[in-house]
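Here is the structure we will look at, set down as structure tokens.
Values in this text are rule-based calculations from the coordinates and carry no lab data. Because the structure is predicted, anything quoted here is derived from the model rather than measured. Neighbour counts are summed over all protein chains in view; Cβ atoms, including those assigned to glycine, are modelled from backbone coordinates with ideal geometry.
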Amino acid sequence: MRFALDASHRDFAASIDGLLSKADMPAVIRAWSIGDVGPGQKVWQALAETGVNGLLVAEEYGGLGADPIDVVVAAEQLGRHAVPGPVAETIAVAPALLVRCAPDRVAELASGSLATVAAAPHVPFAVDADSACVALLVADGTVSVASAGAQQNSVDKSRRLFALTAQELLGEVSFERAFDLGVLTTAAQLQGLGQTLLDLSTDHARQRTQFGRPIGQFQAVGHQLAEVAVGLEMSRPLLHGAAVSMRDGIADASRDVSAAKVACGDAAYRAARVALQVHGAIGFTREHDLSLFLTKVRALITAWGTPAYHRGRVVDSLIGAS
């Protein structure tokens, strides 16, 4: 099977990238990190107007009725700009849950409302539950509207985590597809983050000089950047392939999604490590924009299932197929 993004996908990605490039995202992220979500909500409202929030919402509820491929296209761009807020939950997981048990509430997601989700054991805390309009708690095969409880520590200050307490039972639900959509969307964010880290590192390597030469001309630096580029190129087909598997309802879609999460996470982590090495000590400071992407990568690698869990899913699939 050969798959490639078509012109409509590329145009959609370019429109999101253009919107976010004009938004001064580092300032938006820093404001969100200290509880000032106003600038970030304006960004989310603008994204909703492009259709991002309603990708998986049916047209009858004001959405686009799109598929997981479109979600991956959008989420990769949101990752490239480290957009704060519950990305996977808003554009993928909550719509998949609500359409089954409370379809009358799906329209508010398409209009720009943020949604968050908690579902132990792999998603024990909800992202930004204090600022989301919809908080859902999945437990024992049911989904409930929930309220935010105690805030938890997070390595990414723009990704605030909260325990949830169930308030109103919405109904029974199968969580498997919604979970896989969360994993897929998170993998796409990691892919985008890795690309931004590579871009930042490459630009810095061109501009910074030592011994009268740009540091990118030294093999020790250039080869590391090449390894990052190769890793990102190798993870992208797995990401797109997983999106196709989910769109088409392939039996091994969960395996493909887990493989994509591992590959994109590894590629982004490599990009983060090389970015630190290329930037030197300045990369460790919170004042430098690089830190916004480094901490996001660290947080998302374990979000929606740890690498060990997803490797286990791939192994189980292989053993079961043998």
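Structure summary
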| item | result |
| --- | --- |
| Estimated FRET transfer efficiency (Asp104, Asp11; beta-carbon r; R0 35 Å; 0.05) | 0.60 |
| More than 38 angstrom apart: percent of Cα pairs within the chain | 11 |
| Phi to ³J(HN,Hα) by Karplus 6.51 cos²θ - 1.76 cosθ + 1.60 over the stretch 90-100, Hz, x for Gly, Pro | 6, 8, 10, 6, 4, x, 5, 6, 5, 5, 8 |
| HN-Hα J in Hz across the stretch 188-195 - Karplus 6.51, -1.76, 1.60, θ = phi - 60°, x for Gly and Pro | 5, 4, 4, 4, x, 4, x, 5 |
| Pairwise label distance in nanometres, Arg298 with Ala251, each label 7 Å out on the Cα-Cβ vector | 4.3 |
| Computed [θ] at 222 nm, helices only, for the chain once each DSSP H run of length n ≥ 4 contributes -39500 (n - 2.57) | -18500 deg cm²/dmol |
| Backbone N under 16 Å from the Ala226 label point (7 Å along Cα→Cβ), restricted to the stretch 192-210 | 202 |
| Excluding exposed DSSP-loop chymotrypsin sites (Phe, Trp or Tyr not before Pro) (at most 14 other C-beta within 10 Å), longest clean stretch of the chain | 4-210 |
| Highest-fluctuation residue, Ala110, Ala92, Ala102 considered, GNM on the chain with Cα pairs under 10 Å | Ala102 |
| Karplus (6.51, -1.76, 1.60) ³J(HN,Hα), θ = phi - 60°, over the stretch 168-184, in Hz, Gly and Pro reported as x | 9, 6, 9, x, 7, 7, 8, 8, 4, 5, 4, 4, 4, 5, x, 5, 4 |
| Inter-site label distance for Ser111 and Gln167 at 7 Å from Cα along Cβ, in nm | 1.8 |
